[in-house]
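The values are calculated or read from the model by the stated rules, or taken from the named source; none is laboratory data. Owing to the predicted nature of the structure, the values given are computational and were not obtained by experimental measurement. Cβ placement follows ideal geometry from the backbone for every residue including glycine, while neighbour counts extend to all protein chains displayed. These area figures cover heavy atoms from the full protein model, side chains too; ligands, DNA and RNA do not enter into them. Shrake-Rupley method; radii C 1.70, N 1.55, O 1.52, S 1.80 Å.
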Amino acid sequence: MKKKISNQFFAHYLVVLFLVFLATVLAVLLLSFASQLASNTFAKNKYPASAIMQDDYKQIDAAPIVQNGGSVQVIDKEYRVVLSEGEDAIPQKQLTAGEFTNFLVRSKSKDTPFHHDILYNPQGEFWLIVTFPASIRIDFAFTMNNKAANGDFGKAALIFGAVIVVYLLLLAALTAIYSKITASQITVPLRKLCDGTRLLREGDYSARVELRLKNEFAELQNTFNDMAARIEREISLRKKSEEDRRRLILDISHDLKNPMSSIQGYAERLCQKSDMSEQERDGYLQIIHQNSQRANRLLTELFELSQMDSPEFSLKREKTDLCEALRQLCGELVPQLERAGFEYEFNIPEESVFVLLDSERFSRIIQNLASNTLRYNGQGTTVTVSLTVENNQAMIDFGDDGIGIPAHLTHDIFKPFVRVDDSRNSETGGSGLGLSIAKKIVEAHGGDLTLFKGSDKGCTFRITIPKI
Ligand code: ADP
């Protein structure tokens, strides 16, 4: 059975109350025992009237009582005060019968600051009054007389039992209310946390818990909210990468479809048409060759990209002078640039800048950037390559003043198959993977490749590699 926290609290409080009740009974018993012990040592109990009583009142020794702060009076049958030692309990010398009766009645009252022990001596026909100032009085007494009438005893027991039952019921009701209130301090935050967890389980990753508390539940709330935020982030990342993967497959099949159908079409025609001129056949074969080259390039680059994503991928890095390596690569670019009618400007410092470099992969980055510049821009474009060092980072800016890349593609341009416009690409034959590959290589060097300046008037890519 499901145990509710408020019920458990109620049960615990009942046990505590029962123990308190037991402790109270024990305390009362101890108190009455202690008061008994104490009262035996009080002067009034040590020197009762009976202790000093003599048949002849003149022989009564009042000294110990007076020494202990008490007083002794003797009243004869004519109500005369015939002996008075210590402080006067009865100031008059002669009393009337009424006055003496009043005194006797008053002497029993617990409101007076004196304790009177009065004893009548039938032989001497006098009353002996021993008076002590009252000390501490603990009035708690449960008196039960065995000789009481049966009916009285039953009634008293009934009333006593009823009082105890009402008292216990009241305690139980108060306990129930109190346990509900105290349990709610646990059950309310728990319920909110449970609701949050349930929402999370049902797929609502935006679920958060707000308790407005400062105790341990606040810690639990923060942990829960952190966890929910992390799950939400992971799920959205997973969705995004799932979406990226789906788009990638779509792009691959789309990009492979064109060259493959073209190859298939021209190959079929070659097979079917036997009366084909030499020139016509060469034309077909050239188209087949171009398209198979295109498909091959796409597959090679795809293979390269997926290789870089695999955990086994590693670079062959060596301590290299980046200036020297870049100078060499730029030198190799010059013939291509000149053939295409491009201008060029290289600003590479003379002094060495050492980095850990996989030279082969690094040349791939520069080749990709250069082939893009050549592919997408026309005659007269100026290519600028410069190398600077800032904050222990070597920075290569590779730019041109050509048609540029729109600023809104600054980040997305590095994703596979993202192109400024597809028609531009189909003419130029690019795979849409060049920048993705280049970025991955730079990242593997501990650096980054960014589109530093993207606009309609050319673009500049920045390669950052940590210096050693
Ligand atoms: P692609 O194989 O299509 O060239 P990339 O990843 O290398 O693939 O480049 C992505 C896109 O970025 C290109 O399709 C092109 O639209 C654009 N691009 C890259 N470099 C340049 C550049 N220097 N000038 C203009 N556009 C460029």
Kindly flag which residue pairs out of LYS4/LYS180; LYS58/LYS110; LYS319/LYS415 have an alpha-carbon separation exceeding 19 Å in this structure.
LYS58/LYS110; LYS319/LYS415
Within 12 Å, Cβ to Cβ, of ILE252, how many net charges do the neighbouring residues add up to if Lys/Arg are +1 and Asp/Glu are -1?
+1
For a quick check: with amide H placed at 1.01 Å from N, whose amide H comes under 5 Å from VAL82's, ignoring anything fewer than 5 positions away on the same chain?
VAL74, ILE75, ASP76
Please work out the C-alpha center-to-center distance from region 43-115 to region 394-417 and express it in whole Å.
121
Could you state the accessible area per residue of the chain in Å², with a 1.4 Å probe and every protein chain left in place?
64
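In debye, nearest 20: dipole of region 75-121 around its Cα centre with unit charges on the Cβ of K, R (+) and D, E (-)? Can you show the working numbers first?
Values: 6 positive and 8 negative charges, 38 e Å.
Dipole size: approximately 180 debye.
Note down the net charge around ARG317, summing +1 for each Lys or Arg and -1 for each Asp or Glu among other residues with Cβ under 12 Å from its Cβ. Provide the component values of the computation, followed by the final result.
Details: positive: LYS316, LYS319, ARG361; negative: GLU318, ASP358, GLU360.
That works out to 0.
Quick one: pull the percent of accessible area on region 217-307 belonging to carbon and sulfur, 1.4 Å probe, ligands and nucleic acids left out. Can you show the working numbers first?
Values: 3560 of 6600 Å².
The nonpolar share, carbon plus sulfur, comes to 54 percent.
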Could you pull out every one of the lysines with an alpha carbon less than 22 Å from that of LYS155, ignoring same-chain neighbours closer than 8 positions?
LYS147
What distance in nm lies between label points placed 7 Å from Cα along the C-beta direction at VAL25 and GLN279?
12.5
Amide H of GLU343: which non-local residues (sequence gap of 5 or more, or other chain) have their own amide H closer than 5 Å, using H built in the peptide plane?
GLY380, THR381, THR382, VAL383
Restricted to Cα positions, what overall size does region 315-466 have along the principal axes? Three whole-Å values, descending.
42, 30, 25
Given a 1.4 angstrom probe, I'd like the percentage of the accessible area of region 315-466 that is carbon and sulfur, rounded to a whole number.
46
Identify, among SER306, LEU237, ASN225, the residue whose Cα sits farthest towards the positive end of the charge dipole of region 217-307, taking +1 on the Cβ of Lys and Arg and -1 on the Cβ of Asp and Glu, with the dipole about the Cα centre.
ASN225
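If r is the Cβ-Cβ distance from VAL16 to LYS110 and R0 is 45 Å, what FRET efficiency results, to the nearest 0.05?
On the way: r = 36 Å, r/R0 = 0.81.
The value I calculate is 0.80.
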Of the options MET395, LEU322, LEU337, report the single residue whose Cα projects farthest towards the positive end of the charge dipole of region 295-401 (beta-carbon charges: Lys, Arg +1; Asp, Glu -1).
LEU337
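Ignoring everything except DSSP H segments at least 4 long, calculate the 222 nm mean residue ellipticity for the chain; use -39,500 (n - 2.57) per segment, divide by total residues, nearest 500.
Calculated mean residue ellipticity at 222 nm is -19000 deg cm²/dmol.
Quick one: putting +1 on the C-beta of Lys and Arg, -1 on the C-beta of Asp and Glu, what dipole do you get for region 315-466 around its Cα centre, in Debye to the nearest 20? Kindly include the intermediate steps, with their values, before the conclusion.
Working: 16 positive and 22 negative charges, 104 e Å.
Once rounded to the nearest 20, the dipole reads 500 debye.
So which DSSP H runs in the chain come out at 15 Å plus along the axis (Cα) with average Kyte-Doolittle of at least 0.5?
Numbers: long enough: 5-41 (53 Å, 1.61); 97-108 (17 Å, -0.16); 150-201 (72 Å, 0.93); 216-272 (82 Å, -0.87); 278-309 (46 Å, -0.99); 322-339 (26 Å, 0.08); 359-376 (26 Å, -0.59); 434-444 (16 Å, 0.74).
Those that clear 15 Å and a mean of 0.5 are 5-41, 150-201, 434-444.
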Among the aspartates and glutamates, select those whose C-alpha is under 15 Å from the C-alpha of LYS108, and discard any that sit fewer than 8 residues away in the same chain.
GLU99, ASP117, ASP139
By how many nm would the segment from ARG230 to TYR120 grow when fully extended, if each residue of separation counts as 0.36 nm and the alpha-carbon distance is taken off?
30.0 nm
Where in region 1-39 does the label zone of TYR167 land, with the point 7 angstrom along Cα→C-beta and an amide N cut-off under 18 Å?
14-33
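Would you mind working out the magnitude of the charge dipole of the chain relative to its Cα centre, with +1 at each Lys and Arg C-beta and -1 at each Asp and Glu C-beta, to the nearest 20 Debye? The partial results should precede the final answer.
On the way: 54 positive and 59 negative charges, 410 e Å.
The dipole magnitude comes to about 1980 debye.
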